[in-house]
Every structure is written in structure tokens, then in C-alpha cells.
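Heads up: the structure comes next, in C-alpha cells.
The values are calculated or read from the model by the stated rules, or taken from the named source; none is laboratory data. It should be emphasised that the depicted structure is a prediction, and the values quoted were computed from it without experimental measurement. Counting neighbours? That spans all protein chains shown, and the Cβs are built from the backbone with ideal geometry, glycine included. We work out accessible area using only protein heavy atoms, side chains counted, and drop any ligands, DNA or RNA first. Shrake-Rupley method; radii C 1.70, N 1.55, O 1.52, S 1.80 Å.
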Amino acid sequence: MVSVILDKSRTGGFDEDLILVERFLGGDSDSFESLYTKYFDKVFAIARGILFDVEEATDAVQEIFTLVYRNLHKFDRRAKFSTWLFRIAVNRSIQETRKQKHRPRTTELDEAIAQSIQESPISSDPRVETAMAQLVPQDRAILILFYWEELSLNEIADSIGCNANAAKTRLYRARERFRALYEETE
């Protein structure tokens, strides 16, 4: 068993994720499994909310955790593991939406919207689903991080790679775009 001494002033208090990271880097593969189990649902929710397709979100989650597994040695332990992971999840999911733009879609639009409404964990209100589906992935990401994952503006800023004021502005603009689309669906 690896003994880890953490500077609480550096980590902002006790963080069990840092202990799991240290253990994994020390050779304990079960520690990564613990991180995977702990964060799978949240990472899936982020990917699903951005990609709006269960199969694509599932594939993206596997890619996200593969990236984390391969790059965990690069993780700056002064940051929160969850923030680093969510940033990877958001970026990877947005990259996947860019790839999708160039892929031909064989599903009819009405069928795809109906399918996404039935499958989505985001909301049971079809108007919310329709409005979210029409937003750009960056707007969906920030709304999901704030409302569904309940991250603070500082955590969102870290997750999307900007400062807290920029995150606040982006959230405000995403809300406004969402509201306009939501009102159109009435």
C-alpha cells in the first residue's frame, strides 16, 4: 500500500481522488477502477448532453477514460481531479460533435429528435430537449455543467478553460439562447 502525504493547504482540504491518483500512479490498478466507477455517470451525463446520442456518448466516455488512464501522470495534483476530468470530457465530446458534422446522417430529423427525447436523462420536458438539441455543443456543455452537474462558476471555468468571469458571461449567453429556443417551441 502506498503511503501518501498531502499538503492540505495545497489541495484545499482532504481529497480522496488525489489519494486514488497517487495509488494508481504507484501501481495500484484498482484505484483507477474506483475513479472510473465514481465518475462514470457524471462523465456520461456530460457526453450525452453534448452529443445527444447514447451510442456516441458511450463511445466518447470510453475514449475519455482511456485518455485519462494514459495521461494521469500529467495531472497537476494542485488541481481537483474532477475538474480535470470534466475538462477532458467536455473537450472530447465537443471534438466528437465536430466530427459528426462531416458524417452523413441516415436518420430522419423527426425520428432523431423523438429518439433523443425518449433517451435523454436531461429532462422529461420535450421542449427542453428540443431547445437543448438546437444549441451549439459549447452552450449545451456549460448548461449541463451548471444545472445538471451543479458545478460552481470556478469549477466550470476550470473545466472549459477560461476564467470565472468568462464562464459567467458564457453561461448567461447560453441561458439566453436556450430561453429563446425554448420559447420558440411553445
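Residues in region 142-182 that are open to solvent by 50 Å² or more (accessible area, probe 1.4 Å), modelled with pLDDT under 90 and among the charged types (D, E, K, R): E150, D158.
When we screen E96, E55 for residues that are of a type in the set (D, E), crowded, with 18+ Cβ neighbours inside 10 Å, modelled with pLDDT under 95 and under 29 Å from R140 (Cβ atoms), the only hit is E96. Residues of region 146-180 being within 19 Å of A57 (Cα to Cα) and touching a Phe, Trp or Tyr at 6+ places or on another chain (Cβ under 7 Å), which ones? Correct list: S159 only. Taken over region 142-186, residues that are more than 17 Å from the chain's Cα centre (by Cα) and either closer than 29 Å to P126 by Cβ or assigned to a helix (DSSP H, G or I) (or both) amount to 19.
Comparison of A89, A60 shows that the only residue that is open to solvent by less than 10 Å² (accessible area, probe 1.4 Å) and either more than 20 Å from E155 (Cβ to Cβ) or of a type in the set (D, E, K, R) (or both) is A60. Scanning region 68-93 for residues that are more than 15 Å from the chain's Cα centre (by Cα) and either more than 16 Å from L18 (Cβ to Cβ) or part of a helix (DSSP H, G or I) (or both) returns Y69, R70, N71, L72, H73, K74.
Would you mind stating whether Q138 is open to solvent by 60 Å² or more (accessible area, probe 1.4 Å), at pLDDT 65 or above and either within 24 Å of I88 (Cα to Cα) or part of a helix (DSSP H, G or I) (or both)? Yes, satisfied.
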